[in-house]
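Undergrad: Before anything else, here's the structure in question.
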Amino acid sequence: MPVDLDPMLFGEIDPPQRLLMGPGPVNAHPRVLRAMSADLLGQFDPEMTGYMEQVMALYRPIFGTKNRWTMLVDGTARAGIEAALVSLVAPGETVLVVNFGRFGLLLTEILTRIGARIETVEAPWGETVPMDAIAEAIARTGPKLVATIHGDTSTTMAQPLEGLGALCRAAGALSYVDATATIGGMELAADRWGVDVVTGGLQKCLGGPSGSAPITVSDAAAERIFARRHTEAGIRMADLEDGQGPRISSNYFDLAMIMDYWSEKRLNHHTEATSMLYAARECARVALGEGLAARYNRHARA
């Protein structure tokens with residue numbers, strides 16, 4: 001039998017203050033918490049879409065890019081990882097995973113569920129993978145995508161990425177980088193590295209809560225993603241043409257529809273996580289206000 005629950009059984013939430021010194025979550029910046037308490041808006045309110053445009057502009061320098069497609073995926077950092085991989089990789093396609101820690105194993109786990117053919121190039125935990133080893137593995141495996149972690153929290157190692165994009169482009173492959181642990185704390189240089197998709201999260205160096213995943217997508221990656229566009233029937237628009245590629249196997253993490261949502265088309269794909277967008281916006285404002293170079297130096301000293 002259902003038990004009647006006294007609505008006053010639990011008091012107003014009042015968590016104790018903790019100094020969070022783990023790899024994430026961290027204590028959120030007070031400005032971020034204040035931003036999250038702002039009034040909600042409808043997702044197509046002009047003020048709201050203006051905030052979306054501001055978020056795109058704010059995260060371009062943080063990712064080190066001029067990519068148009070710089071935005072948020074609603075969900076924790078892993079949502080960004082999964083959205084990138086499920087939208088870039090079709091079942092049966094070969095992916096080379098650069099594996100040097102626990103989160104390289106996570107990439108393999110997600111790609112296995114997608115049905116990719118997985119190849120790896122590895123280093124012992126506590127080391128990173130030399131670029132010449134990556135080049136040899138690309139030549140040997142002929143991947144459609146090369147996927148790597150930037151900073152792996154399980155080993156505290158940061159994978160050097162200078163030259164990775166050029167290697168991938170020469171082989172006709174795209175590149176993906178998970179920068180969850182480093183965004184806001186180490187330099188990201190998506191354009192200089194020549195990498196195609198980079199994702200992150202708020203809950204580490206950016207000083208925000210988990211629940212929003214910043215992402216940047218190159219034009220080359222966007223072309224592959226839109227080639228797989230299959231807009232759901234209930235929100236199909238006259239000026240959207242489906243691609244000829246295989247349908248992206250997730251609806252929620254379908255970057256083709258998410259990108260159309262963040263574009264001037266404003267495709268009604270999902271209800272935007274408004275308070276998380278406010279948080280992501282303020283995280284970026286705090287980081288850029290401090291100055292990225294100063295921030296990276298502070299993290300290095302710490």
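Undergrad: So which of 84, 139 ends up being among the hydrophobic types (A, V, I, L, M, F, W, C), assigned to a helix (DSSP H, G or I) and farther than 17 Å from residue 221 by Cβ?
TA: Result: 139 is the single residue among 84, 139 that is among the hydrophobic types (A, V, I, L, M, F, W, C), assigned to a helix (DSSP H, G or I) and farther than 17 Å from residue 221 by Cβ.
Undergrad: So which residues in region 13-46 are small (Gly, Ala, Ser) and open to solvent by 70 Å² or more (accessible area, probe 1.4 Å), if there are any at all?
TA: Matches in region 13-46: 37 only.
Undergrad: If you don't mind, there's one more thing I want to ask. I'm checking my understanding of the structure. Among residues of region 139-160 that are aliphatic (A, V, I, L, M) and open to solvent by less than 10 Å² (accessible area, probe 1.4 Å), which one is nearest to residue 63 (Cα to Cα)?
TA: Going through the qualifying residues, I end up with 149.
Undergrad: Cβ-Cβ distance below 8 Å, separation of 6 or more or different chains: which pairs start in region 263-287 with a residue that is in a helix (DSSP H, G or I) and open to solvent by less than 30 Å² (accessible area, probe 1.4 Å) and end on one that is of a type in the set (Lys, Arg) and modelled with pLDDT of 95 or more?
TA: Pairs found: 282/31; 282/34; 286/31; 287/295.
Undergrad: Filter region 161-192 down to the residues that are open to solvent by 20 Å² or more (accessible area, probe 1.4 Å) and either among the small types (Gly, Ala, Ser) or more than 14 Å from residue 287 (Cα to Cα) (or both) and list them by number.
TA: 162, 163, 166, 167, 169, 170, 171, 172, 181, 191, 192
Undergrad: Restricting region 224-242 to residues that are in a loop (DSSP other than H, G, I, E, B) and closer than 15 Å to residue 89 by Cβ, which is most open to solvent (accessible area, probe 1.4 Å)?
TA: 227
Undergrad: Which residues, counting only those in region 37-75, are out of contact with any strand residue (DSSP E or B) (no Cβ under 8 Å at 6 or more places or on another chain), among the aromatic types (Phe, Trp, Tyr) and outside any loop (DSSP other than H, G, I, E, B)?
TA: Hit for region 37-75 is 51, nothing else.
Undergrad: Also, quick follow-up: Restrict the check to region 24-34 and report whether at least one residue is among the small types (Gly, Ala, Ser), assigned to a loop (DSSP other than H, G, I, E, B) and touching a residue at least 24 places away in the same chain (Cβ under 8 Å).
TA: Within region 24-34 (the criterion being among the small types (Gly, Ala, Ser), assigned to a loop (DSSP other than H, G, I, E, B) and touching a residue at least 24 places away in the same chain (Cβ under 8 Å)), the answer is yes, since at least one residue qualifies.
Undergrad: Would you tally the residues in region 90-136 being under 28 Å from residue 226 (Cβ atoms), part of a helix (DSSP H, G or I) and among the basic types (Lys, Arg)?
TA: 1
The values are calculated or read from the model by the stated rules, or taken from the named source; none is laboratory data. Keep in mind that this is a model prediction, so the values were computed, not measured. Here Cβ is always computed from backbone atoms with ideal geometry, including for glycine, and neighbour counts include all displayed protein chains. What goes into the accessible areas is simple: the full protein's heavy atoms, side chains included, and nothing from ligands, DNA or RNA. Shrake-Rupley method; radii C 1.70, N 1.55, O 1.52, S 1.80 Å.
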